[in-house]
1. Sorted by accessible area with a 1.4 angstrom probe, largest first, how do 32, 191 fall?
2. With contacts defined as alpha carbon pairs under 8 Å and 6 or more residues apart, what's the relative contact order of segment 169-285 in percent?
3. Using a Gaussian network model of the chain whose springs link C-alpha atoms within less than 10 Å, name the residue from 64, 229, 116 with the highest mean-square fluctuation.
4. Ordering 89, 284 from largest to smallest accessible area (1.4 angstrom probe), what's the sequence?
5. Note down the relative contact order for the chain as a percent, whole number, built from C-alpha pairs under 8 angstrom at least six residues apart.
6. Sorted by accessible area with a 1.4 angstrom probe, largest first, how do 150, 156 fall?
7. For a Förster distance of 25 Å, can you work out the FRET efficiency between the beta-carbons of residue 69 and residue 146, rounded to the nearest 0.05?
8. Taking the chain as a Gaussian network, Cα atoms linked when under 10 Å apart, which of 95, 47, 55 shows the biggest mean-square fluctuation?
Amino acid sequence: MTEDSQRNFRSVYYEKVGFRGVEEKKSLEILLKDDRLDIELRTFSQRFPLPSMYRALVWKVLLGILPPHHESHTQVMTYRKEQYSDVLHALRVVRFVSDATPQVEVYLRMYQLESGKLPRSPSFPLKPEDEVFVAIAKAMEEMVEDSVDCYWIIRCFVNQLNNKYRDSLPQLPKAFEQYLNLEDSRLLSHLKTCSAVSKLPYDLWFKRCFAGCLPESSLQRVWDKVVSGSCKILVFVAVEILLTFKIKVMALNSAEKITKFLENIPQDSSDAIVSKAIDLWHKHCGTPVHSA
């Protein structure tokens, strides 16, 4: 039996008998030795949670920061570091950042400069898209230790949302309503009775991808799926939040109260919510690989 067929057999076997995750780390390490990483890693990330020690590396490959051929990684990251340093130096020269500037703001100014959207003055108020960037950057900063890696991942993650998922994201509220109706039509009816459906925190859920809503330890498992090709996972996280806190939501009788609660859900249930959301996603969508 070849190494590829052994790997596939093990993954499928363990998943069928209920030991999901038993050999994930070992299987991923085998994948990381392949000549071309991107397609296999995308499939793996859709099916399994990524081991934390390899998450940054896998994300960099899937987001195009690193090429799919691992022999080029060192040289390419050298270029990425040089570009990071050049952009940071330019911002210091024009006095947009200093040693006292918070790191998340540094990332924002770097992104603005590279995308041609740097305002005339750092005192200008942030635009809505800047607020989204900052929310994602704050969460990413907790997940990725190296500042160069962190900036590049934030930059490419946000670009993925703005480009690849540009047409998909506006459709997610409708999909949320559809799947919530399938899972619990009574709960959806309550939201409609309270005129809450159109006032739910969709920007927090879908534009910010739950940054600022879920703790980073849970959020990174959701972002594994977003990075690897499916923003639809966000819908099922939102649905599962409603299902998990159904009793609380059903007891609230106004759109304002429901929205306020959903914007500040208890953090101690987040791991279970994400696990159930991923199961729900697989239940309704199978195991999507490249679908949005």
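The values are calculated or read from the model by the stated rules, or taken from the named source; none is laboratory data. Model, not experiment: these values are computed from the prediction. Cβ atoms come from the backbone with ideal geometry, glycine included; neighbour counts cover every protein chain shown. Heavy atoms of the whole protein, side chains included, go into the accessibility calculation; ligands, DNA and RNA do not. Shrake-Rupley method; radii C 1.70, N 1.55, O 1.52, S 1.80 Å.
1. Descending order: 32, 191.
2. The value is 35 percent.
3. 116
4. 89, 284
5. Dividing the mean separation by the residue count of the chain yields 19 percent.
6. Heavy-atom accessible area, descending, gives 156, 150.
7. About 0.70, to the nearest 0.05.
8. 95
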